[in-house]
Amino acid sequence: MNELALNLDTYPAYIYDLPGLADHVKSIRTALGTTELFYAAKANPDAEILRTLAPHVDGIEVSSGGELAHVRGTLPGKRLAFGGPGKTPEEKRLALTVDRIHVESPHELKSLAALGPADILLRANLPLDTPNAALAMSGPFGMDEDALNECVRLLAGNTHLTLRGIHAHLASGLDARTMLDLAHQIADWALPWLKTHGVHDPELNVGGGMAVDYTSPEALFDWHTYGTGLASIPARLRIEPGRAISAYHGWYVTDVLDVKTTRGETYVILRGGTHHLRTPVTKGHNQPFKALTATGPESPATLVGQLCTPKDVFARNVPVPPLAPGDIIAFTMAGAYAWNISHHDFLMHPKPTFHYLR
Ligand SMILES: *Cc1c(COP(=O)(O)O)cnc(C)c1O
């Protein structure tokens, strides 16, 4: 990575390590045993990333018609699950072509029934404990028990819709033991419920949300504990992580444009900004980084971009070696919810270039 990062013609740039990503997903796949692995495309739908992951995942989870068309075009024939609230009429028609539709409401079920046959999971919004979650997916996502029961009544009159099981993506940012406990709680509710409603060979998709710790990039989610613990759940299990798959193998590399000290605070102004890498702003963290060209005694500085807003901060008050214009900084852990969630057009600066280690 360093060699490529130091020899680019222009900055900023995104660099993706495709062999590293392939090794990472292979080890996840192995740890999961018989649990199926779908990749949540919304974490990073870059076509090279999708093609790298494809041989090692069972399918891709898409959350819009746009993602569906993009993944179909990039990975023809790959199994797809389609979730997400507020599907449009056009998206519902497209949804009929996927392997599993995650149904978000009784209204959605009714309109799907009018369109044609489909294999569905009902998305459940269960009042379960999700201690220390970064995001709890309550509110508009999925259905409570009353709405789920209404769906069962609708299904009785629409036998061309096949209920395969339950989908539950309840929280994100959880460690393996908490995640496992949550999966067991979901199964304890869902399996008897599905049995009551005549679903044989039930499927459970227990979602994504596996923790990624931006303060300690080495501390990976414990896939082995998770995979082993899932094996005791008597159902066809599926998960759909995004961040914990693609975060670690992307870098945002850029150069220093200016360094200045204002009222005792040192600011390092970098080419680009959070309109390219919005992750630290959305997550409220300091994006981890490496200074590739500078060494020496460290002192605190705030790394910012070129945007005319005080929110354009990559990392605040972090130790850096002596930096000068032209030095190269590589932000790590920039492979998920990074470029594709950023507000690219704000201020009309040039876009980054994209590079792939192969
Ligand atoms: C976002 C999302 C995921 C992936 O979440 P990660 O935190 O990236 O693992 C999976 N399933 C659903 C329904 C989602 O909304």
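Note that the range 79-241 presents 44 Å² accessible area per residue, ligands and nucleic acids not counted, probe 1.4 Å. Selection among 266, 4, 60 by position relative to the dipole of the chain gives 60 as farthest towards the positive end (Cβ unit charges, Cα centre). Protection proxy ranking of 289-297, 99-107, 313-321, by the mean of other Cβ atoms within 10 Å over each peptide's residues and highest first, is 99-107, 313-321, 289-297.
What does the helix-only formula give at 222 nm for the chain: each DSSP H stretch with n ≥ 4 adding -39500 (n - 2.57), the total divided by the residues, and the result rounded to the nearest 500 deg cm²/dmol? Here the helix-only value at 222 nm equals -8500 deg cm²/dmol.
Figure legend: label point modelled 7 angstrom from the Cα of residue 355 along Cα→Cβ; residues of the range 251-288 with amide N under 12 Å from it are 251-255.
Beta-bridge orientation, the chain: approximately 40 percent antiparallel, per DSSP, counting only bridges with both partners inside. Entry note, the range 143-243: relative contact order of 33 percent, from Cα contacts under 8 Å with a spacing of 6+ residues.
Overall, the accessible surface of the chain at a probe of 1.4 angstrom is composed of carbon and sulfur to the extent of 53 percent.
Using a cutoff of 8 angstrom between alpha carbon atoms and counting only pairs six or more residues apart, the relative contact order for the range 1-74 works out to 30 percent. Note that the range 208-213 has calculated 3J(HN,Hα) couplings of x, x, 5, 4, 10, 9 Hz, one per residue in order, obtained from phi through the Karplus relation 6.51 cos²θ - 1.76 cosθ + 1.60 (θ = phi - 60°); glycine and proline are x.
Length gained on full extension, residue 134 to residue 18: 39.0 nm, using 0.36 nm per residue less the C-alpha separation. Cα-based values for the chain, radius of gyration first and Dmax second, are 22.2, 72 Å.
Dividing the mean sequence gap of close Cα pairs (under 8 Å, 6+ apart) by how many residues the chain holds gives a relative contact order of 21 percent.
In order along the range 191-201, phi translates into HN-Hα couplings of 5, x, 4, 5, 4, 3, 9, x, 8, 8, 6 Hz, rounded to whole numbers, per the Karplus curve 6.51 cos²θ - 1.76 cosθ + 1.60 with θ = phi - 60° and x for Gly and Pro.
Around the amide H of residue 357, modelled in the peptide plane, lie the amide H atoms of 16, 17, 18, all under 5 Å away and 5 or more residues distant in sequence or on another chain.
The values are calculated or read from the model by the stated rules, or taken from the named source; none is laboratory data. Keep in mind that this is a model prediction, so the values were computed, not measured. Positions of Cβ are generated from backbone atoms using ideal geometry, with glycine treated the same way; all protein chains shown enter the neighbour counts. SASA here: full protein model, heavy atoms, side chains in, ligands and nucleic acids out. Shrake-Rupley method; radii C 1.70, N 1.55, O 1.52, S 1.80 Å.
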